[in-house]
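J.: Sharing a structure here in structure tokens format.
The values are calculated or read from the model by the stated rules, or taken from the named source; none is laboratory data. Given the structure is predicted, the values throughout are model-derived calculations rather than measurements. As a convention, Cβ positions derive from the backbone with ideal geometry for all residues, glycine included, and neighbour counts pool all protein chains shown.
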Amino acid sequence: MKQKSPDLSLVLPCFNEAGLFADSVRRIKDVLDGSHVTYELIFVDDASTDGTQNLIKTYCGTYPNMRALYHTKNQGRGKTVMDGVRASTGTVSGYIDIDCEVSPVYIPSIVSHILKGQADVVIGRRYYRTSPKAIIREVLSRGYQWLSDKMIGTGGMDTETGYKFFRRKKILPVFSKTRHTGWFWDTEIMVYAGRAGLTIMEVPVLFLRRFDKVSSVNIVRDTLDYMVQLWALRKRLH
């Protein structure tokens, strides 16, 4: 008998996450196990150089609803997420940042919105608990929302949130339109999803900045790249 597909395939992009991996997976698993959502976890390791891959293999060997893909070289957030979604089987396929700066507690209600047909795409719109250490990240995020709306008409969406969920069969055709395989992929996928006629919903989520890890975002380099990519996308759209 063919096994029924889960409600949710949750993709967890990983790059050098050994220090937080066990705690984050426990938090995610506790939330999903305590919900009515049937699920699978798909780890996509983007060529980690610490012990992340060994941890993934251990968990996948322990839990039958966990599996993994491994990149042999670092390919970036966009490629990592797309590979995971393409390999998924759930009605809903989504991803969150494994550092859990946005708690997994919002996942069941977000999945429910899609399963009930209320939206094709649901993303978490981040609200920050402001602190002196986090203020730069918040200012950059709000500034980018304003700029991207002015340049490419995003409607002020929080396109860069690492908390996105899709009706899988509807988002897969949209992947072919994106060009960027790194961080800017998040902007592209939201723009092209809207242009494809998919219904998009934003739900408020609390963002709590972690300072016990090294961010994989390089503010200067990645900000400059975003400016270049925004301009290029604007030209393509027009």
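J.: For GLY78, only one of the following conditions fails: (1) in a loop (DSSP other than H, G, I, E, B); (2) under 23 Å from TRP185 (Cβ atoms). What is its number?
T.: (1)
J.: Any residue at all in segment 185-198 that is among the acidic types (Asp, Glu) and closer than 22 Å to ASP83 by Cα? Write out each step before concluding.
T.: Going through segment 185-198, the residues among the acidic types (Asp, Glu) turn out to be 186, 188.
Remaining after also requiring closer than 22 Å to ASP83 by Cα: 186, 188.
The answer is yes, given that some residue of segment 185-198 is among the acidic types (Asp, Glu) and closer than 22 Å to ASP83 by Cα.
J.: Next question, about the same structure. Would you confirm whether any residue within segment 45-55 is in contact (Cβ under 8 Å) with a residue 40 or more places away in the chain and either of a type outside the set (Ser, Thr, Tyr) or over 29 Å from ILE200 (Cβ atoms) (or both)? Lay out the reasoning, then the answer.
T.: Pass one, segment 45-55, residues in contact (Cβ under 8 Å) with a residue 40 or more places away in the chain: none.
No.
J.: Further question: Among (1) surrounded by fewer than 21 Cβ atoms within 10 Å (Cβ to Cβ); (2) under 22 Å from ASN74 (Cβ atoms); (3) of a type outside the set (Phe, Trp, Tyr), where does SER176 come up short?
T.: (2)
J.: What residue, of THR49, THR38, THR58, is under 18 Å from TYR95 (Cα atoms), among the hydroxyl-bearing types (Ser, Thr, Tyr) and over 17 Å from the mean Cα position of the chain (by Cα)?
T.: Values: THR49 fails: under 18 Å from TYR95 (Cα atoms); THR58 fails: under 18 Å from TYR95 (Cα atoms).
None of the others qualify; the one that does is THR38.
J.: Which pairs have Cβ atoms under 6 Å, sit 6 or more apart or on different chains, and link a residue in segment 82-102 that is touching a residue at least 60 places away in the same chain (Cβ under 8 Å) to one that is in a helix (DSSP H, G or I) and buried (at least 24 other Cβ atoms within 10 Å of the Cβ)?
T.: Once the first residue is touching a residue at least 60 places away in the same chain (Cβ under 8 Å) and sits in segment 82-102, its partners that are in a helix (DSSP H, G or I) and buried (at least 24 other Cβ atoms within 10 Å of the Cβ) give VAL92/VAL111; VAL92/ILE114; TYR95/VAL81.
J.: Right, next: Which condition breaks for THR154 when tested against (1) in a helix (DSSP H, G or I); (2) touching a helix residue (DSSP H, G or I) at 6+ places or on another chain (Cβ under 9 Å); (3) modelled with pLDDT under 95; (4) of a type in the set (Ser, Thr, Tyr)?
T.: Condition not satisfied by THR154: (1).
J.: When you check SER112 against the structure, is it in a helix (DSSP H, G or I), modelled with pLDDT under 95 and hydroxyl-bearing (Ser, Thr, Tyr), yes or no?
T.: Judged against the criteria, SER112 is not a match.
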